[in-house]
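I have placed the structure first, in the form of structure tokens, so that the comments after it can refer back to it.
We did not get these values from a lab; they are worked out from the coordinates using the rules stated. Owing to the predicted nature of the structure, the values given are computational and were not obtained by experimental measurement. Using ideal geometry, Cβ is built from the backbone for each residue, glycine included, and neighbour counts are taken over all protein chains shown.
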Ligand code: SF4
Ligand code: SF4
């Protein structure tokens, strides 16, 4: 098994493209904030224009269709075809499992790289308490149907204090599911979430006791596992992805962020105006990315400092890594 920290790459670009914010669910930790991100659904023509902004770099660009629930968009299948003909390096659809508009029948496995299913509990009780009644069954049958049709599938598990106790059961759950990638995420304190307090995030000791070990057990089953580093020692190098990589978080009201932690604030770096990616005047998130602080991520310190801890001299006990810094386990 190979374990590596995935370095940020200047060469590749990631487009996290929220084509609508509408959703059939109201997950407890939903990061969508309609006041900040809009409640409109992009037309297929606008999706084409906005993808066109990045088309010259398409072969180096990973495209992730997001929502809300992206399969609620009636033209998602056409958007996927469009992105395919523009030559994007990879195309992923993140879904809550409900797979609206018969999406599995309207695209083919060679058109996308992954369907990524969100599940936040190993038991129906915990998952559905967080994500909503019927979600566990929707994800399980959605994965089953997608795998049967030949789609590559991955799973995303967002860890909070509500479901950390079920993490150790994940290797058993995913055993015969047929997924090929597994992503562990840490819950964010943003959006229309009920989870607005740092007490819902998992402490350093619990994270480090449970996550790496479970990730290894999942990887032993032939599944590539990715999880955020979260905590760094003072000796570990710190980098802010926004300074060294190209990540664009695009929302249907035209806001484009480089840092997901900023998404609750009008701090976006760019705005798409008349189908042109337009840098925004000061002050915006870009004015913060170069600040060096002993706590590591400056936005973490400003926005969700509850995960920091200080010694008696007021010095941080560890640094918080960029939320996009990942460990990857290759079976
Ligand atoms: S987290 Fe995703 S699936 Fe859940 S309510 Fe928000 S947009 Fe919908
Ligand atoms: S999470 Fe922190 S380190 Fe990462 S892009 Fe945002 S500000 Fe930079």
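Listed values, structure above:
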{"read-out": "R0 of 22 Å, Cβ-Cβ distance residue 81-residue 145: FRET efficiency to nearest 0.05", "value": "0.60"}
{"read-out": "Taking only Cα atoms of the range 62-173, radius of gyration then Dmax in Å", "value": "14.4, 44"}
{"read-out": "Cα-derived Rg to Rh of the range 203-331, Kirkwood definition", "value": "1.03"}
{"read-out": "Rounded FRET efficiency, nearest 0.05, which uses the C-beta distance separating residue 89 from residue 234 and R0 of 45 Å", "value": "0.80"}
{"read-out": "Estimated inter-spin distance, residue 56 and residue 309, nm [label 7 Å along Cα→Cβ]", "value": "4.9"}
{"read-out": "Debye log10 I(q)/I(0) at q = 0.07 Å⁻¹ for the chain, Cα point scatterers", "value": "-0.27"}
{"read-out": "Ellipticity estimate at 222 nm from DSSP helix runs (n ≥ 4, -39,500 (n - 2.57)) divided over the chain, nearest 500", "value": "-6500 deg cm²/dmol"}
{"read-out": "Potential lengthening between residue 180 and residue 276 on full extension [0.36 nm per residue; Cα-Cα distance subtracted]", "value": "30.9 nm"}
